[in-house]
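So the structure is just underneath, and the comments pick up after that.
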Amino acid sequence: MNASLFKTTREGFNMAQHTDTDRRRPADTTQPGIAPSADDVARRAYELYEARGGEPGADLDDWLKAESELRTLRKANAVKSA
């Protein structure tokens, strides 16, 4: 049985800790060193914002595109290095 599922109370009894969040949390599929920093993503997202004329309203799209581009670039560089 997984020891992390138990919590010891002040009285010394073990009580099972029931959380649904552990089952709903997606597995981390990113590889170490591949995920870009928030600063890098912000910088690239701002470049995308400027490239499309600085029109407001697409900040999330810019952020997600920047993240995707940087991850793809880092994965390609990691493959070249290997």
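Ordered by packing density, taken as the mean number of other Cβ atoms within 10 Å over each peptide's residues, highest first, how do 63-70, 47-54 rank?
Most protected by this proxy first, the peptides run 63-70, 47-54.
Can you give the alpha-carbon Rg of the range 34-82 over 2.2 N^0.38 Å, where N counts its residues?
Against the compact-globule rule of thumb, the ratio is 1.24.
Hey, rough spin-label estimate for Asn77 and Asp39, points 7 angstrom out along Cα→Cβ, what's it come to in nanometres?
The answer from the label model is 1.4 nm.
Taken together, the values in this text are just the output of simple stated rules run on the coordinates, not laboratory data. Here the structure is a predicted model, which means the values were calculated and not measured. FYI the Cβ positions are ideal-geometry reconstructions off the backbone, even for glycines, and counts take in every protein chain you see.
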